């Protein structure tokens, strides 16, 4: 290559040999690389650009940034691996700066909602009911002011903020510190205070940003509030979630749900009821409750169950003996389903976890009754959705709905016991995730004939399972951070139940804040049961394994070995505790 040719070029340029060494560099290269005498230096070590990437520079944009300037790389048309390559540096600093400015100035919309506003107002004396909301509004406005973002009050409990990507980046970097400022108010009043934030940012339009912000807010509230959810055109991210979900005292919603269900059931040719795969006591109990509603309304109803584990044997067999319930497999349900059919989904809100994904897709009218936090992939376009993460169980919500259908008893003793058992299993015998409504639902079921001794029989286990549980507890590991780890050896259909019971029992050890128990399912998958006393959000940890649940009770099923899952879990916990101990929102 002629030196004069390279030196006369109007842009920085150099010649790179097949051995990666710079053979010739013109005087303009000083605008790119400040070092003198770069000839004889390895080009790829100097620039950080890989040879295979450089050879594609004429087909795909390749940029480097040096001396606060941006350059686009181009090569001679016949550049090849084994030949000298002429590299041209086209400065695009102004272009990139303009592009960054356009990106930074794009509109971002934030919705802010005061969680449990009605309960907050009703819990305050009349003279001071506006004190906390006024304090919250002041904190929100002061926070937004630091980003020169206008705040518009939609009503007493909701606000909208218009800002841009540049300010959003700072908010994300600070983990939305406004949520922490709002939480501090709870030290001054008897009622815990929190806010939820839904953020939307779209490349398409401001209208789409608004839609994303609305969807993000629904996710934040569906996951229990006290968190920020950010949605753009490609992904969703979560921030916060440090307070447990508070019970809502509004009974009007369950009445509206009951009325809507009555209309949908009456309009349907038949009703299918299903929970999650391998249903537990709560999924089965709430399904029985939904079946009772259909029977009361004279509808043709079916409970869809393909497989169940050993822990459901006793109650399932008792239901089968009565011959009072139509329990079918999903294959038959698909043959019976039509455009006029209604599908009631209980104890699950994610399409990937339902008993039959095909049945879900076959039905256009869908009702969801669930108590798990919403996930990014939750079922969309449900006709009616009663998803309350404050509730102990789906059976609790179903008992609440049942009370709006008739003044007389519409469930029998067994049905009441099935729902009671559902509440017991998900509340760890009323010791966790319970509120006033939990005990009211239990009292209503008790009046319907529940025999707690009979319910206890549903939870009996084989001697082998009992021994497996005892061994897991005896060999549990305890960390200095208050975390307990255990593994169960059972490979039966009861593994999931045993895991949960071990996790619950280990919480009784002094100093333990959270428990994680691993076991093996019937298909070889690793099962995780996670429990917490409230200071650690096990739901967010289980989401990393595509699982979930509640703030203090969650689980996951992972297609990997227990050893690998154990390593990943401990790493996630370590990262979580590091952020938690640094008072960072998680």
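Here the condition is being part of a helix (DSSP H, G or I), crowded, with 18+ Cβ neighbours inside 10 Å and at negative phi; of 136, 109, 121, it holds for 136 alone. The residue that is nearest to the chain's Cα centre (by Cα), among those in region 236-262 that are over 23 Å from residue 551 (Cβ atoms) and modelled with pLDDT of 75 or more, is 257.
Here's the yes/no breakdown for (1) in a helix (DSSP H, G or I); (2) under 30 Å from residue 148 (Cα atoms); (3) touching a residue at least 40 places away in the same chain (Cβ under 8 Å); (4) touching a strand residue (DSSP E or B) at 6+ places or on another chain (Cβ under 9 Å):
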{"site": "60", "(1), (2), (3), (4)": "no, no, no, no"}
{"site": "72", "(1), (2), (3), (4)": "no, no, no, yes"}
{"site": "80", "(1), (2), (3), (4)": "no, no, no, no"}
{"site": "83", "(1), (2), (3), (4)": "no, no, yes, no"}
{"site": "89", "(1), (2), (3), (4)": "no, no, yes, yes"}
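A count restricted to region 154-178 and to residues that are more than 24 Å from residue 102 (Cα to Cα) and in contact with a helix residue (DSSP H, G or I) (Cβ under 7 Å, 6 or more places away or on another chain) stands at 4. Just one of (1) within 21 Å of the chain's Cα centre (by Cα); (2) under 24 Å from residue 428 (Cβ atoms); (3) crowded, with 17+ Cβ neighbours inside 10 Å; (4) modelled with pLDDT under 85 fails for residue 555. It is (4).
Checking the condition modelled with pLDDT under 90 and either touching a helix residue (DSSP H, G or I) at 6+ places or on another chain (Cβ under 9 Å) or surrounded by fewer than 16 Cβ atoms within 10 Å (Cβ to Cβ) (or both), which residue from 436, 455, 450 passes?
436
Matching residues to (1) assigned by TED's automatic domain parsing to the domain that holds residue 377; (2) part of a helix (DSSP H, G or I); (3) modelled with pLDDT of 85 or more:
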residue: 171; (1), (2), (3): no, yes, yes
residue: 180; (1), (2), (3): no, yes, yes
residue: 185; (1), (2), (3): no, yes, no
residue: 190; (1), (2), (3): no, no, no
residue: 196; (1), (2), (3): no, no, yes
residue: 200; (1), (2), (3): no, no, yes
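Among the criteria (1) within 21 Å of residue 442 (Cα to Cα); (2) in contact with a strand residue (DSSP E or B) (Cβ under 7 Å, 6 or more places away or on another chain); (3) buried (at least 23 other Cβ atoms within 10 Å of the Cβ), the one residue 373 does not fulfil is (1). Restricting attention to region 491-539, the residues that are more than 24 Å from residue 283 (Cβ to Cβ) and either in a loop (DSSP other than H, G, I, E, B) or modelled with pLDDT under 90 (or both) total 10.
The C-beta contact set for region 160-181 (first residue more than 17 Å from residue 212 (Cβ to Cβ), second residue assigned to a helix (DSSP H, G or I) and at pLDDT 90 or above, distance under 8 angstrom, 6+ apart or interchain) comprises 177/143; 178/139; 178/140; 178/143; 181/139; 181/143.
The values are calculated or read from the model by the stated rules, or taken from the named source; none is laboratory data. Source: prediction; values computed, not measured. Heads up, the Cβs are rebuilt from the backbone with ideal geometry, glycines too, and the neighbour counts pull from every protein chain shown.
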